[in-house]
Structures are given as structure tokens and as C-alpha cells.
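The values are calculated or read from the model by the stated rules, or taken from the named source; none is laboratory data. The model shown is predicted, which means the values in this text are computed figures rather than measured ones. Cβ: placed from backbone, ideal geometry, glycine included. Neighbour counts: every protein chain shown. Remember, those area values only see protein heavy atoms, side chains included, never the ligands or the DNA or RNA. Shrake-Rupley method; radii C 1.70, N 1.55, O 1.52, S 1.80 Å.
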Amino acid sequence: MTPDAVEVTRAFAAHDLSVPADDLDAISAAVPGVRALGEQMRTMPSWSAAHQFDAPAARTVDRQVRR
Amino acid sequence: VSSEDVPVSIGEAARRLAAGELSSAELVEVCLDVADRTEPTLGAFTARFDDSALAAARESDGRRQSGTARGPLDGIPVGVKDILTTREGPTRAQSLTPHPVPIEAEGDAVRRLRAAGAVIVGKLSTMEYAVGVTDETKPFPLPTNPIDPHRWAGGSSSGSASAVAVGSVLGAVGTDTAASIRMPAAFCGIAGLKPTYGSVPRSGCLPLSPTLDHVGPMARTAADCALLLAVMSGIELQPGKLGGARIGYDSLSGRGDRDPAVDTAFATALERLRAHGALLQPVELPHYDAVTAAAETILYVESFAIHRRNLAEHWSDYSRNTRRRLSLGALISSAEYVDALCVRRAGMSAVARLFESVDLVVTPTAGAPAPLLSSLRDAGPMIGSASTLYTAYWNAAGNPAASVPMGTSGGLPLGLQIVGRWQCDAAVLVAAAAFA
């Protein structure tokens, strides 16, 4: 079993999911793609600031929503 | 009235109904005739309500004769995507599994259309639970493209787009969590709007990703979408104009497999907007890749949360691609989900700042026209595996985003995406109508 397949099996077990081998293979093949989503999110230059919900930029959104 | 005489739009049908040139019963009959002829290959309907539709049409005709017609949608045949409930028949969401969550018998959007006199003629095909791709092994319609039956109608509001395109309905209700109104609209050559997040009620709709799900209108013209949206949202749409509008454009080139015809059509579209008096300026959508990744992350986690018990009990009843796609959420941690929400929020702030300098933003809807159905058999579980799309960013941001036809590639329709500020859906549709 590949490391990605092991990771998928463990993650699924946490949710009482046990899947056939062909599904496991296909889902395991998608693991790098899922991992890449996290890397893409971290390309945001203001990554750390994104966690500050009271930043002035966030208040701009609130103004837009209320309009 | 022959089936070649289907009005080209809701607006035209409303005018002919008001002038007494056409009755609603005749209009519904002619649309049902179109459905009879096209369905064997189109696969747009999961259920038809011919008898109740004709009865509702006759009631509409009675109102018009007594001077109590309810407005431009009275007597207009519309269809509803089969993840939204209607009182006429079951909602199966193109699935053999039981619903993952309970839903009410009929939601506000459909109820409002019905109250406005719209005639519900049937339920329209989708991808299973509004996710996944076509599955020829399941006993459900295979939605094909009205231009080329070997190609996909797009999804997941597949039948909503193809039925509108051929005229078996004049308007339809769709849903959009990452692309599902705009992508099939683009592939089938019609108009569709993902409204501002939350502006159309989602009651009666099976959820996929609750913070990204939108219910919206699909029709042959943007003006028709405006008629449907006004009723579905219950919000009075403010008029606007394209002349003088500041429009930012981003071609989003260099992402995924891109058909060169998209760049040609987009350049032509910009010239048309300029000819209408729009003031164009290049922009870069802020944090495009990060926000798009956040949208995809959120979709996987939220849809898995909804389906995880169903997956454990009914794994093999789901289509292969659906169950694989839905289960990707199990691979994403709660911390990564919170990261995605934060990226989304920062992206929304940046988008709001962008809209301080422009009134609208335009991009292509997709990087290529409708793919061959045969290519979908090998589509992987990731959302982007079936097509190159530029739509999910706006599900994360929540802004209203329409797709309207902008030329063709090899005879296949391409879409222009027009986006506005929050709650400025009318400005989007005005621009879209003027562009057409």
C-alpha cells in the first residue's frame, strides 16, 4: 500500500468508512491534488493576516454586505 | 402553434400572452412537444408533470381572461433542477441513495415562481447531488449537449441548461456551488446567474456545501433571468446601464487547458462592451489561486460533512465519481478548513476593495467549450478534472456572477462571466442583457 493509500485508509477509518480497492486507488491518487490546495492557499501574501477577522479589510466586506 | 413557434424568450412569450396571440395552454403544449422530440437524446428531464402543467396553464389563461394575470411569469413554462423539491413529484437528485438530510416539501424559490403564475412542467436532470459527473451505469438521464449529442451539457444544472436551450422550458431554476449554473449555461449557449449569496432562499434544496450553495435562474436571455430573479429573490431589481460602467477585465489565461478560441472570443467581447460605452481597464483578480483553492477545500469538507453517514451506509449506491469526490473531505483537517475560511474572508475583503475602483468584472466562464462525454469517464475526483473553469472564486466571494454567450469554438458555445458587487445583481444582468 502506498503512503497516500495508508493516509486515506486512516482518514476514512476515523469516519467508519471502508472502501473497495479501486475506490481507494482513485482517491489515493487525488491526495497530492488535495495537498496542493493547502499549498495554493498559502500563496496568499497576507496569509497570516487572513486569520485576523477584525482587520480593516474585513470591515470593508461588512460595509458591502450591508449596502 | 407549432413547435417551431416556441417564443425565443420569456419576454416575448409574455408579450404574446398579453396580446392574446397565444394562450398558456398552447405554449405549454408546444414546449411539451419539443420535450417529446428532444428527450430521447437530450436527457434533460427526470420527471414531467404534463397533466398538472396543462391544468396550471389553463388556470393562468383564466386569470388573463378575467384581467387578474399575476405578471410576466404568469403562464410561462419553467423547469426545476432535481435537487430542489416541488410538490408535483419526488426529488431524487439523480441518486439511488436516500437523502443525506431531510428537506421540506417545496422551497421558497419554487413557491414564489408558482405564486407568480409560472407553470412547473418538470424536474430537470443534474449530476448526482449536484456534484460528480455523468454516470452511464446508473438509471438516470444522461444529459447531452443540445449542439452536439456526443458532448456534455455541463453540470450540475445540466437539464436546466439544455431544456432552456432547446425550448422545452422557457426558464429554469438551477443551483451553483462552484460552477453549476454558469458552466452549463456557457456550454449550452444560454444565460444563467449565480445571484448574490443568500439572495435567493435555499429552502427545499438538498445542500451540497452550505456556505457556497446558491440558487439562481437560467434562461435564454439575461433579461429573462432578471424576470425570474425578481420573483425568486423577492427583491426589487434596480435598473442600471452599461454605458459609462467601469469594467475590469481579467482573461485568467495560463490556467489549465485553454482553447485559443476563448482568448479570441474574450477580446471580441471586450470590444463589444467598449462599443456599448463601458470603460474598460485591466485588473488582476486578487489572490485568485488561493481563493479558488479555498473554495474547493470548503466544498470538499462541507459536502463530506453532509454525506458522510450516507457514504458509510450506501457507498456502492453512489455513482463512482460522486462517492470519490464527496469523500475527499475526509482527507482535510479541521485546521485546514479554518485556514480556507480565513483565506476566503481575506479574499472577500480584497474583492470588495477591487470593486471600489470598478463597477463590474468580466472573465471567460470557462477555458474551453463542452467536453466530450467520453472524456468524463476518466475524470478524477478533483473538481477541476472535468473542465477548466473560472467560476468557483465567485462562490467563495459571494458576488453575483452571470454567464452569457460570447461566441463559439468549432460551433460550440463559449461563455462570458460578468460579476458585480454584492447585492448588485441587477447591474450584472443589465450589462449581460446589453452585451447580448
Out of the residues in the range A:8-28 meeting the condition of being more than 7 Å from chain B (Cβ to nearest Cβ) and part of a helix (DSSP H, G or I), tell me which one is nearest to residue B:335 (Cα to Cα). A:10
Check residue B:212 against each of (1) modelled with pLDDT of 95 or more; (2) of a type outside the set (Val, Ile, Thr); (3) farther than 30 Å from residue B:303 by Cβ; (4) in contact with a helix residue (DSSP H, G or I) (Cβ under 6 Å, 6 or more places away or on another chain) and name the one condition it does not meet. (3)
How many residues does the range B:1-54 hold that are open to solvent by 40 Å² or more (accessible area, probe 1.4 Å) and not acidic (Asp, Glu)? 13
So which of B:365, B:322 is touching a residue at least 24 places away in the same chain (Cβ under 8 Å), within 21 Å of residue B:397 (Cβ to Cβ) and either more than 7 Å from chain A (Cβ to nearest Cβ) or surrounded by fewer than 23 Cβ atoms within 10 Å (Cβ to Cβ) (or both)? B:365
If I ask for residues that are more than 9 Å from chain A (Cβ to nearest Cβ), open to solvent by less than 10 Å² (accessible area, probe 1.4 Å) and more than 11 Å from residue B:332 (Cα to Cα), which ones from the range B:284-298 would you list? B:285, B:295
Restricting the search to the range B:329-356, which residues are facing another protein chain (nearest Cβ under 10 Å), part of a helix (DSSP H, G or I) and hydroxyl-bearing (Ser, Thr, Tyr)? B:349
Under 21 Å from the mean Cα position of the chain (by Cα), more than 10 Å from every other protein chain (Cβ to nearest Cβ) and small (Gly, Ala, Ser): does that describe residue B:407? yes
Name the residue, out of B:174, B:159, that is touching a residue at least 40 places away in the same chain (Cβ under 8 Å) and in a strand (DSSP E or B). B:174
The correct count of residues that are among the aliphatic types (A, V, I, L, M) and either open to solvent by 30 Å² or more (accessible area, probe 1.4 Å) or assigned to a strand (DSSP E or B) (or both) in the range B:227-238 is 5
Would you check if there is a residue in the range B:307-316 being surrounded by fewer than 21 Cβ atoms within 10 Å (Cβ to Cβ), in contact with a Lys or Arg (Cβ under 7 Å, 6 or more places away or on another chain) and either outside any helix (DSSP H, G or I) or within 10 Å of chain A (Cβ to nearest Cβ) (or both)? yes
Determine which single condition residue B:247 fails, assuming it passes every other condition in (1) more than 14 Å from chain A (Cβ to nearest Cβ); (2) surrounded by fewer than 21 Cβ atoms within 10 Å (Cβ to Cβ); (3) more than 30 Å from residue B:74 (Cα to Cα). (2)
Scanning the range B:194-225 residue by residue, those open to solvent by 30 Å² or more (accessible area, probe 1.4 Å), under 24 Å from residue B:167 (Cβ atoms) and of a type outside the set (D, E, K, R) turn out to be B:221, B:223
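Here's the yes/no breakdown for (1) among the basic types (Lys, Arg); (2) more than 30 Å from residue B:308 (Cβ to Cβ):
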| position | (1), (2) |
| --- | --- |
| B:21 | no, yes |
| B:24 | no, yes |
| B:48 | yes, yes |
| B:56 | no, yes |
| B:98 | no, no |
Here are some residues: B:172, B:165. Which one is open to solvent by 10 Å² or more (accessible area, probe 1.4 Å), under 14 Å from the mean Cα position of the chain (by Cα) and not hydroxyl-bearing (Ser, Thr, Tyr)? B:165
Flagged in the range B:411-424 as open to solvent by less than 10 Å² (accessible area, probe 1.4 Å) and either over 13 Å from residue B:245 (Cβ atoms) or hydroxyl-bearing (Ser, Thr, Tyr) (or both), in numbering order, are B:414, B:415, B:416, B:417
Do we have any residue at all in the range B:395-408 that's within 23 Å of residue B:285 (Cα to Cα), of a type in the set (A, V, I, L, M) and in contact with an Asp or Glu (Cβ under 8 Å, 6 or more places away or on another chain)? no
If we scan the range B:259-271, do we find a residue that is of a type in the set (Gly, Ala, Ser), under 26 Å from residue B:186 (Cα atoms), more than 9 Å from chain A (Cβ to nearest Cβ) and free of Cβ contacts under 8 Å to residues at least 12 places away in the same chain? yes
Specify the residue that is farthest from residue B:154 (Cα to Cα); the eligible residues are those in the range B:85-136 that are open to solvent by less than 50 Å² (accessible area, probe 1.4 Å) and among the basic types (Lys, Arg). B:114
